[in-house]
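Note sheet for the following structure.
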Amino acid sequence: MAGSRNPLLQAPLRPIPSRVAVIGAGTIGPDIGYYLKSTLPDLDLVLVDVAQAAVDRALARFGEYAAKARALGKMSEAEAAAVTRGVRGSTDYEAIRGADWVLEAATEDLSLKQKIFAQVETLVPADALITSNTSSLPAARVFSGLKHKARATVTHFFAPAWRNPVVEVVRARETDPQVVEYLRWFFCVTGKVPLVTADVECFMLDRVFDNWCNDAAHCLARATAAQIDSVAGEFVHAGPFFVLNLANGNPIITEANTLQAEAEGGHYDPAPIFRSVANWATCAIGKRVPVPADVTAVVRDRLLGVLWSQCVDILDRGIGEAPDLDLGCRLALGFRQGPLELMRSMGEPEVLRVLQRFAAERPGMPMPRRALGEYQRFERGVLVDKLDGVIVITLHRPEALNALHDELNDEIGQVIRRHEADPAVQGFVLVGYGTRAFCAGADIGRFPGMLGNAAASAQYARDCSRLLAHLDAMAKPVVAALNGMALGGGLELAMRCHAIVAQREAWLQFPEITLGIAPGLGAMVVPYRRWPQAAALFHGMLRHAERLDATSAHEAGIIAELADDYPSLIRQAVARVHTLAGKRRVPLDRPVAIAPFEAVGAAQPFSREVVGIIENAVRAAAAAPTLTAALDIGYQAFGQSACTAAAREGITAFGERRKPDFSRTG
Ligand code: COA
């Protein structure tokens, strides 16, 4: 059974687990346990280890993590108390009895794991989930002795497991596909980013990581560890040797690459030096040492060579999928850009040159089996599904709460155009990935480059609006399904759809004024023309960043329908596409009367200058004779706001994770 691209489109086939046992109280086991407890506070969790000291340390760590989260204001006192409540430790496997999920995170030793699972199977029901956190051993081997293999697979977490969102879920031959689907759903609904991989040695991401490290070690004949990490710094936040030190990773690479060599050939043999070195002399994160240009060139080519060699192999053999590979490398391994994105930005001639050199230096390593352009054919920021004649487009940027930028807007537009003329397609639904956000607005990471340049900023707003203008003109309905927060540019996108449905917990906001800018993609125009009855609400949202909850937005007529949960949201949104088919939209080309703005109070915490820019734009746009003219006023106001001192302060503060201070910016 092939599941939907968006794991949340279907209702789950099992309930949320209520009793979970984690075996192995080293580092990652308790971290996985902490993630589970912080997202499912009522969970009954037991940590099992053969060593009492490890169990004690693990339980103490729960308390420390919760105290830290509390101190940082990430958890309320009640939440912190709930995380540590219902957590037990034990050295007795009897404690596992009756668990509905057993998650093993013990030492990477095949026979040990097999022994553990033989025992586990005598203690839990035949349908209890059993998963292993192995990073390299295939599920087929780990679970070979189980009587009921269909409920077992590998769920591979990345450090630190309580915070790193990526989990590889392995599609093993004997695992029931519905178990894989359930695990995708479960991880997604609990805030993780599940990536499905084939059941091969080291799965998907550790093939990249292990071989990246292994080839870095091969380079030690020509450069020092610090030099190699410095060169790698162009591509990753932390170089391979720094990470190996952090994770005590040398024996892991030896084991993982031995496994790959046994399965696929001697070109994967681990570098012998891993057996004789405990710690590498390298530089700290963000630091570089001087590297001669010729050494840089050699090391750089080698690192890129092994990276791309692994990537094409993963894709050619169907070990993982292109968007997951890029996303996983960024989120789990700390690459600045996904390797496929890197390939695209460097261009085919350069990629071919690097790969040819790598093939000559490392005979036997995988090479592309297709033209390079073939590897670039994938959707980068959206997941596309079809339900009941409706194309469901899921905004998929889990690292940024699905924030939008011009390329993502264009990608959505391309998907729409590709299906728009198809008579079998009734229309479209736009929804966000995960349970928190439809979309957290425009990608703020793109803003610093625009500050101070009114023309470039206005043009960026125009570029981002190509999709919105297309939606305005579409005959087939597009329905926005708000599964969580809809902010700034995300809300502007939703407001251009033919209708909005929303989960009850969703909320709407234009937070731009908190960043010292004006919302440029129609927020100062479209809501007033579409829902003139709610103009007072929009005044408050634009000038004070007031939040509007879904129920109030429903009462005000902005949201057409409320839904109880994600599957209902999708069902209702799809049904609404069918009801809207063939209906004409209310034209927005007429000017509209605007209620006067109340004077800004003395306690106003935001920039008065930018509030003024917003008010002027709202008034001018309301009087504009056409929608196009009104929208252009908005683009220009955004450009104007990007040149204020307030914008510089607001955008900088967001990047520095601090509260902006508009008291001195005007
Ligand atoms: N653009 C780029 N990245 C964004 C983003 C945006 N609009 N909104 C959130 N993110 C990123 C965060 O930087 C963070 O990344 P990190 O983990 O690498 O630090 C990640 O998404 C998660 O967000 P975080 O801020 O840690 O979550 P939170 O629960 O503490 O706060 C928000 C959630 C939405 C309140 C907060 O992220 C926010 O204020 N975002 C900006 C919203 C906005 O102003 N949108 C309009 C832009 S014009």
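Worth a mention:
- Only one of 14, 70 that is in contact with a Phe, Trp or Tyr (Cβ under 7 Å, 6 or more places away or on another chain) and open to solvent by 20 Å² or more (accessible area, probe 1.4 Å): 14
- The stretch 119-128: number of residues that are open to solvent by 60 Å² or more (accessible area, probe 1.4 Å) and in contact with a Gly (Cβ under 9 Å, 6 or more places away or on another chain): 1
- When 312, 289, 299 are checked against the criterion of being surrounded by fewer than 19 Cβ atoms within 10 Å (Cβ to Cβ), touching a residue at least 40 places away in the same chain (Cβ under 8 Å) and out of contact with any Leu (no Cβ under 7 Å at 6 or more places or on another chain), a single residue qualifies: 289.
- Of the listed requirements (1) open to solvent by 10 Å² or more (accessible area, probe 1.4 Å); (2) within 14 Å of the ligand (Cβ to nearest atom); (3) not hydroxyl-bearing (Ser, Thr, Tyr), residue 520 misses just one: (1).
- The stretch 442-470, residues that are within 11 Å of the ligand (Cβ to nearest atom), in a loop (DSSP other than H, G, I, E, B) and either in contact with a strand residue (DSSP E or B) (Cβ under 6 Å, 6 or more places away or on another chain) or over 17 Å from residue 381 (Cβ atoms) (or both): 447
- The residues of the stretch 471-511 that are outside any strand (DSSP E or B), within 12 Å of the ligand (Cβ to nearest atom) and open to solvent by 20 Å² or more (accessible area, probe 1.4 Å) amount to a single one, 511.
- The set of residues from the stretch 182-218 being of a type in the set (Ser, Thr, Tyr) and crowded, with 24+ Cβ neighbours inside 10 Å comprises just one member, 197.
- Test for residue 666: is it farther than 30 Å from residue 472 by Cα, exposed (fewer than 15 other Cβ atoms within 10 Å of the Cβ) and within 14 Å of the ligand (Cβ to nearest atom): no
- Selected residue (criterion: most open to solvent (accessible area, probe 1.4 Å)) from residues of the stretch 391-414 that are among the small types (Gly, Ala, Ser) and within 13 Å of the ligand (Cβ to nearest atom): 400
- Looking across 146, 129, 110, 103, one residue alone is closer than 24 Å to residue 55 by Cα, without any contact (Cβ under 8 Å) to a residue 40 or more places away in the chain and aliphatic (A, V, I, L, M). It is 110.
For (1) within 25 Å of the chain's Cα centre (by Cα); (2) closer than 28 Å to residue 248 by Cα; (3) not polar (S, T, N, Q), each residue gets a yes or a no:
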residue	(1), (2), (3)
7	yes, no, yes
11	yes, no, yes
31	yes, yes, yes
50	no, yes, yes
99	no, no, yes
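- Pick from the stretch 415-441, criterion within 13 Å of the ligand (Cβ to nearest atom) and out of contact with any Cys (no Cβ under 7 Å at 6 or more places or on another chain), ranking: most open to solvent (accessible area, probe 1.4 Å): 436
- Selection of the stretch 123-167 for residues being farther than 16 Å from residue 199 by Cβ and of a type in the set (Val, Ile, Thr) yields 124, 166.
- Being β-branched (Val, Ile, Thr), open to solvent by 20 Å² or more (accessible area, probe 1.4 Å) and not in a helix (DSSP H, G or I) is a property that residue 277 has.
- Those residues of the stretch 132-142 which are in contact (Cβ under 8 Å) with a residue 40 or more places away in the chain, open to solvent by 10 Å² or more (accessible area, probe 1.4 Å) and not in a loop (DSSP other than H, G, I, E, B), in sequence order: 140
- Residue within the stretch 168-189 that is outside any strand (DSSP E or B), among the polar types (S, T, N, Q) and under 28 Å from residue 5 (Cβ atoms) present: yes
The values are calculated or read from the model by the stated rules, or taken from the named source; none is laboratory data. The structure presented is a predicted model; accordingly, all values stated were derived computationally and were not measured. Cβ atoms come from the backbone with ideal geometry, glycine included; neighbour counts cover every protein chain shown. Calculation scope for accessible area: heavy atoms of the full protein, side chains included, ligands and nucleic acids excluded. Shrake-Rupley method; radii C 1.70, N 1.55, O 1.52, S 1.80 Å.
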